[in-house]
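Engineer: What follows is a structure written as structure tokens; I'll ask about it next.
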Amino acid sequence: MDTDERLLVHVSGRVQGVGFRWWTRARALELGLVGYARNTDDGRVEVNAEGPPESLDALLALLTESPSSTRRPGRVLAVTPSLRGPATGRYEGFVER
């Protein structure tokens, strides 16, 4: 049985003010993930997700695929994973911050 993991990534490009956090939340909920997506001061979006490793892999694939098969808003230039490790267990649901 797999143990839940945590994935923290930063997405750069035209990802603020275009519905990207809403889109990320919708995909994360479809995949059964918890956590958040938030704008950062430097124009990126931080995605902090927890759940089954295969669901995290699926979210990462959706964030990075080009062209997007799910009408992802904006324009992603880079997805930079910052952390992959054990889940903290402190989140319920997936929210936009």
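Engineer: Please turn the phi angles of the range 60-65 into ³J(HN,Hα) values with the Karplus equation 6.51 cos²θ - 1.76 cosθ + 1.60 (θ = phi - 60°), one per residue in order, whole Hz, x for glycine and proline.
Structural biologist: Couplings: 4, 5, 5, 5, 9, 5 Hz.
Engineer: Another one. What are the residues whose amide H is under 5 Å from the amide H of residue 75, where those residues sit 5 or more places off or on another chain and H is modelled from the backbone?
Structural biologist: Amide H to amide H, under 5 Å and 5 or more residues apart or across chains, residue 75 pairs with 14, 15.
Engineer: Largest first and in whole Å, give the semi-axes of the chain's equivalent ellipsoid, each being the square root of 5 times a Cα gyration tensor eigenvalue.
Structural biologist: Value: 20, 14, 12 Å, ordered largest first.
Engineer: Going by Cα centres, the range 30-86 and the range 1-25 are how many Å apart?
Structural biologist: 3
Engineer: Same structure again: HN-Hα J couplings of the range 41-53 from phi, Karplus 6.51/-1.76/1.60, θ = phi - 60°, integer Hz, Gly and Pro as x?
Structural biologist: Once θ is set to phi - 60°, the couplings for the range 41-53 become 5, 8, x, 8, 10, 9, 10, 10, 10, 10, x, x, x Hz.
Engineer: Viscosity 0.890 mPa s, temperature 25 °C: what is the translational diffusion coefficient of the range 32-88 from Stokes-Einstein with a Kirkwood Rh over Cα pairs, rounded to a whole number of µm²/s? Intermediate values should be presented prior to the final figure.
Structural biologist: Details: Rh = 12.5 Å.
Estimated via Stokes-Einstein, D reaches 197 µm²/s.
Taken together, the values in this text are just the output of simple stated rules run on the coordinates, not laboratory data. Keep in mind the model is a prediction, meaning the values are calculated, not measured.
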